[in-house]
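The values are calculated or read from the model by the stated rules, or taken from the named source; none is laboratory data. On a predicted model such as this, the values are computed, not experimentally measured, just so you know. No Cβ is skipped: glycine too gets one built from the backbone with ideal geometry, and neighbour counts run over all protein chains shown. We work out accessible area using only protein heavy atoms, side chains counted, and drop any ligands, DNA or RNA first. Shrake-Rupley method; radii C 1.70, N 1.55, O 1.52, S 1.80 Å.
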Amino acid sequence: MAEAASRLRSLAEQLLGVPLPVRLRTWDGSEAGPPDAPTLVVRNRRALRRMLFKPGELGLARAWVAGDLDIEGDLYTALDAMAGLVWERGEDSRTLAQALRDPEVRAAGRELLKLVGPPIPPAPPREEVRRRRHLHTRRSDKQAISHHYDVGNDFYEIVLGPSMVYSCAYWEDGGSLESAQRDKLELVCAKLGLKEGQRLLDVGCGWGSMAIHAAREHGVSVVGVTLSQEQAVYARKRVADEGLADRVEIRVQDYRDVVDGPYDAISSIGMAEHVGAERYLEYASNLYALLKPGGRLLNHQIARRPQRDETAYETDRFIDAYVFPDGELAPIGTTVTQLERAGFEVRDVESIREHYARTLRQWVARLEADWDRAVRLTSPGRARVWRLYMAACALAFERNRIGVNQVLAVRTPESGTSGLPLRTRTWNS
């Protein structure tokens, strides 16, 4: 009988219709494929059963999270090589149903079944969230946020570092992660034009970094809202330690329940991805209503590329099941349109896509450097989720599969006076 690696490689290439771009090592110790390529380690037959019962990204993700699959060699190189098979097959790619009409493919499938062993579907890893319809009710949003952010503050300290900022940094050559995150917070403050005595609402305030920076550096009063109890406890302690309790209030509150406007400015940094397409106009309208005339919104949000048929858009199955339940990305054009429909005048859009790729690589490096402690604080599966998610996202930003934009919008009064300078980009100097 042929060694498992050679058999599996041959069957995979027949089923996929393209050469496998990585080397394989299987449970019997055999190897096949280019000797200089990263190695995909298939530790057991269960990995194949996972991919058989959930073909595509979700099956691969389950095998990875469970430890049935691993990668030896550079993780980024391996993911980049496999992207064409998993994430970049395109809207015109052959579906599994179409492929199975080919007699040779069906024959390969039968051979794969022999290699798989008992055809019993393995249970999903415990880290997986049961898929559901994207309701975006207050309750479902709170549950989704809790799944992602209540992993443990100690774990996030490993990944994010002392800044505790969980969004794209703003880099200069030679700068550190901490200085880049400080520069990002200052960039947001500059775009909002914050002045002493103003009121700022920070929607999705995380661990309080933006609220603290704005209060300390610009003398504003800040209300920060989050749905994560763990984040709120951590942020309140940081606020107290900074001596800013008289100027910063951290609430566990849904943004839809904030009623104490008007505010001079609103920052929403990495939060709008959780809102959902069906709720986005409601989100924009609520923020518009909370601003005073002339008030500014800075909306910092990840964007996806538009599709020819937008009705065919589906959320990333791995991220939906393991990372951001109910998260949805929209093209930047859709975001701008919805903000305008809510009444905003959009005054500036800045893409900082490359900055997020660099940020994510820093987070991955921090996680890998303290791997054993990260596993102890969470679980082996959870740590593997985060390593794969962040590395894959870094490549997605680098390859322009997704982007991130800062949109500055104003509740411009009827007089038409926006309050912005004629040359707005002076904040980048």
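Residue 173: surrounded by fewer than 19 Cβ atoms within 10 Å (Cβ to Cβ), part of a loop (DSSP other than H, G, I, E, B) and on the phi < 0 side of the Ramachandran plot, yes or no? So residue 173 passes the test.
Conditions (1) surrounded by fewer than 22 Cβ atoms within 10 Å (Cβ to Cβ); (2) more than 19 Å from the chain's Cα centre (by Cα), marked per residue:
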site: 289; (1), (2): yes, yes
site: 312; (1), (2): yes, yes
site: 319; (1), (2): yes, no
site: 325; (1), (2): no, no
site: 338; (1), (2): yes, yes
site: 343; (1), (2): yes, yes
site: 356; (1), (2): no, no
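If only residues of region 211-256 that are in contact (Cβ under 8 Å) with a residue 12 or more places away in the chain, within 19 Å of residue 157 (Cα to Cα) and among the acidic types (Asp, Glu) are counted, the one that is most open to solvent (accessible area, probe 1.4 Å) is 242.
When residue 55 is tested against (1) surrounded by fewer than 19 Cβ atoms within 10 Å (Cβ to Cβ); (2) in a helix (DSSP H, G or I); (3) of a type outside the set (Lys, Arg), just one condition goes unmet, and that condition is (2). Of the residues making up region 11-31, those that are of a type in the set (A, V, I, L, M), at pLDDT 90 or above and assigned to a loop (DSSP other than H, G, I, E, B) are 20, 22. For region 129-147, the count of residues that are at pLDDT 70 or above, surrounded by 11 or more Cβ atoms within 10 Å (Cβ to Cβ) and hydrophobic (A, V, I, L, M, F, W, C) is at least one. Within region 32-49, take every residue that is farther than 19 Å from residue 79 by Cα and in contact with a helix residue (DSSP H, G or I) (Cβ under 7 Å, 6 or more places away or on another chain) and give me the one that is least open to solvent (accessible area, probe 1.4 Å). Among residues in region 32-49 that are farther than 19 Å from residue 79 by Cα and in contact with a helix residue (DSSP H, G or I) (Cβ under 7 Å, 6 or more places away or on another chain), the one least open to solvent (accessible area, probe 1.4 Å) is 49. Among the residues making up region 58-76, those that are part of a helix (DSSP H, G or I), crowded, with 18+ Cβ neighbours inside 10 Å and not aliphatic (A, V, I, L, M) are 59, 62, 64. Going residue by residue through region 70-89, is there one that turns out to be within 19 Å of residue 60 (Cβ to Cβ), of a type in the set (D, E, K, R), more than 24 Å from the chain's Cα centre (by Cα) and modelled with pLDDT of 80 or more? Yes, that holds for at least one residue.
Applying the selection to region 269-290, what residues are touching an Asp or Glu at 6+ places or on another chain (Cβ under 8 Å) and not acidic (Asp, Glu)? 269, 274, 275, 276, 277, listed by residue number. The number of residues in region 385-414 being acidic (Asp, Glu) and under 22 Å from residue 305 (Cβ atoms) comes to 1. Here the condition is being in contact (Cβ under 8 Å) with a residue 24 or more places away in the chain and more than 20 Å from residue 392 (Cβ to Cβ); of 40, 11, 58, 16, it holds for 11 alone.
Being of a type in the set (Val, Ile, Thr) and touching a Cys at 6+ places or on another chain (Cβ under 9 Å) narrows it down to one residue among 223, 188, 159; which is it? Only one candidate qualifies: 223.
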